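First the structure, in the form of structure tokens, and then the observations on it.
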Amino acid sequence: MPRLLTSILLCAVAIVAAVAASTQPSADSWRLTSESEALVPDAALRAQIFRALDAAESAGTDPSISHFKVRAATVLTVNKEDHVVLGGNTEYELPEAIHGESSLLNHVTTLYGADAARHAVRFVAFFSQRCGVSGSCGDCRDYQHAVTDYAHLLIVCGQASDHTVRVTRFADQLVDEDKFPAATPDSLSITPGELARLTQSATEARMGGVTLFTTSRHTGAAGLSFSGKIYRAAGGDDAAFHYRFPIGGLLQQAATERDYFLRAIVVVGEKGQWPVVNYRDRQYGFESSSFNHEAGKSPIALILADGLGHYRATTFESDLPHAFSTANFMPQALKDFLKSHAAPAPQ
Ligand SMILES: [Zn+2]
């Protein structure tokens, strides 16, 4: 009996301790990793981050396909008052989704206006079971780049299991086109002749596409597959603003022919200007290049041409840092898919 009593008492103590812990200020429970502390020297900002992480835990989500919850929050100061705003991911039917960070920033705009999104949002915080190294998808990078003070935006991940908090700079997920290394026709993984054909093909593609709303940055792209075929596409806009990107377009054509492995893609813009490659389009390229990796082939070379004989060259692995693809989540499914979708033998 005394032993049982002791156990009961210990349990009671444990329960009291748990209740006490849960009523502690959240700042005591979340803890920045040592590398993150330098990025957030401001105590008030730390408190906002911890408050946002507490709130993000209850952000509503509906990931009916992946079952991967993205729970996001920020705390922003508007008219000297702090406000918590939440965002969560939703998935629907064909694998399509509204993502957590885009949902969050849209809510900020809805509640406090576009200027608040641009100037008052200092961080996007995610409450996660486990904090990995992946950044946002390409589309969410485009959105955060467009609507926030992205050069100073912080990305926060609070890990549920141990309440450690990892902070990084959103800018670490970006690589501007002028940072792509300069290249010459002799320095690439394709021959000068192949480069000339791809540049010509992309230039012709750019004469098409749909530009009823596009006022700048119209581009064309051409890709060469390991089977020797060239696929090309130009950007296309529409009234719903569901822009179709050129790299995604040509990759879809290649995939339709079960020609899944590309050697190189050339992108051209207006003559005399370097083309911009949206992060969403980089995501399509990265996903496709991960097929190459799976098959033991070299990554896709991404080559920009300015139309005046100058080139820059990189890879999707380099221009989309901290990216994720199906290869991360479903490696065996990707292996099986590529095996069962081998291209038919040439006639
Ligand atoms: Zn996203």
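The values are calculated or read from the model by the stated rules, or taken from the named source; none is laboratory data. Because the structure is a prediction, the values reported are computed rather than measured. Backbone-built Cβ (ideal geometry, glycine too); neighbour counts: all protein chains shown. For the accessible areas, the whole protein counts, side chains as well, though only heavy atoms, and no ligand, DNA or RNA atoms are used. Shrake-Rupley method; radii C 1.70, N 1.55, O 1.52, S 1.80 Å.
So how do 197-206, 293-302, 329-338 stack up, highest first, on mean other-Cβ count within 10 Å? Kindly include the intermediate steps, with their values, before the conclusion.
Details: 197-206: 21.1, 293-302: 18.2, 329-338: 12.5.
For the peptides 197-206, 293-302, 329-338, the packing ranking is 197-206, 293-302, 329-338.
At a threshold of 8 angstrom on Cα-Cα distance, excluding pairs fewer than six apart, so keeping six or more, what relative contact order does the chain reach in percent? Write down the numbers at each step before the final one.
Details: 653 pairs, mean separation 43.3, N = 347.
Over the chain, the number comes to 12 percent.
If you put +1 on each Lys and Arg Cβ and -1 on each Asp and Glu Cβ, how big is the dipole of the chain around its Cα centre, in Debye rounded to 20? Could the numbers behind the result be given before it?
Details: 29 positive and 37 negative charges, 99 e Å.
That gives the chain a dipole magnitude of about 480 debye.
Counting only DSSP beta bridges with both residues in the stretch 92-229, tell me the antiparallel percent, nearest 5. Let's see the in-between values first.
Details: 6 of 12 bridges.
Percent antiparallel among DSSP bridges in the stretch 92-229 is about 50.
Looking at the chain, what % of its DSSP beta bridges pair antiparallel, to the nearest 5?
Numbers: 38 of 53 bridges.
Bridges in the chain that DSSP calls antiparallel: roughly 70 percent.
Can you pull the percent of the stretch 205-328's accessible area that's carbon plus sulfur, 1.4 Å probe, other chains left in place?
Ligands and nucleic acids excluded, carbon and sulfur give 52 percent.
What is the set of long-range amide H partners of Ala264 at a cut-off below 5 Å, with H atoms built 1.01 Å from backbone N?
Sorted by chain and number, the residues that satisfy this are Leu224, Ala301.
Filter the GluC sites (Glu not before Pro) in the stretch 66-168 to those in DSSP coil with at most 12 other Cβ atoms within 10 Å of their Cβ, and list the result. Display every interim value, and only then the final one.
Details: sites: Glu81, Glu91, Glu93, Glu96, Glu101; in loops: Glu93.
Of the GluC sites (Glu not before Pro), the ones in loops of the stretch 66-168 whose Cβ has at most 12 other Cβ atoms within 10 Å are Glu93.
Which helices, counted as full DSSP H runs in the chain, have an axial Cα extent of no less than 27 Å and a Kyte-Doolittle average of 1.6 or above? Kindly include the intermediate steps, with their values, before the conclusion.
Working: long enough: 2-22 (30 Å, 1.99).
The answer, listed by residue number, is 2-22.
Count the lysine pairs in the chain that are 8 or more places apart or on different chains: how many have C-alpha atoms under 26 angstrom apart?
Total qualifying Lys-Lys pairs in the chain comes to 9.
Taking the Cα centre of each part, how many Å lie between the stretch 116-189 and the stretch 26-82?
Measuring centre to centre over Cα atoms gives 16 Å.
Tell me the trypsin sites (Lys or Arg not before Pro) within the stretch 139-172 that lie in a loop according to DSSP and have at most 10 other beta-carbon atoms within 10 Å. Please report the intermediate quantities before stating the final value.
Working: sites: Arg141, Arg166, Arg169; in loops: none.
Sparse-neighbourhood loop trypsin sites (Lys or Arg not before Pro): none present.
Applying a 10 Å radius around every beta-carbon, put 119-125, 50-56 in order of their mean neighbour count, most first.
Ranking the peptides 119-125, 50-56 by packing returns 50-56, 119-125.
Mean residue ellipticity at 222 nm from the helices of the chain, using -39,500 (n - 2.57) per DSSP H segment of n ≥ 4 over the full residue count, to the nearest 500 deg cm²/dmol?
Details: 13 runs with 132 residues, N = 347.
My calculation for the chain gives -11000 deg cm²/dmol from helical runs alone.
For the chain, with a Gaussian network of springs between Cα atoms less than 10 Å apart, report the residue from Lys80, Lys271, Lys179 with the top mean-square fluctuation.
Of Lys80, Lys271, Lys179, the most mobile in the Gaussian network model is Lys80.
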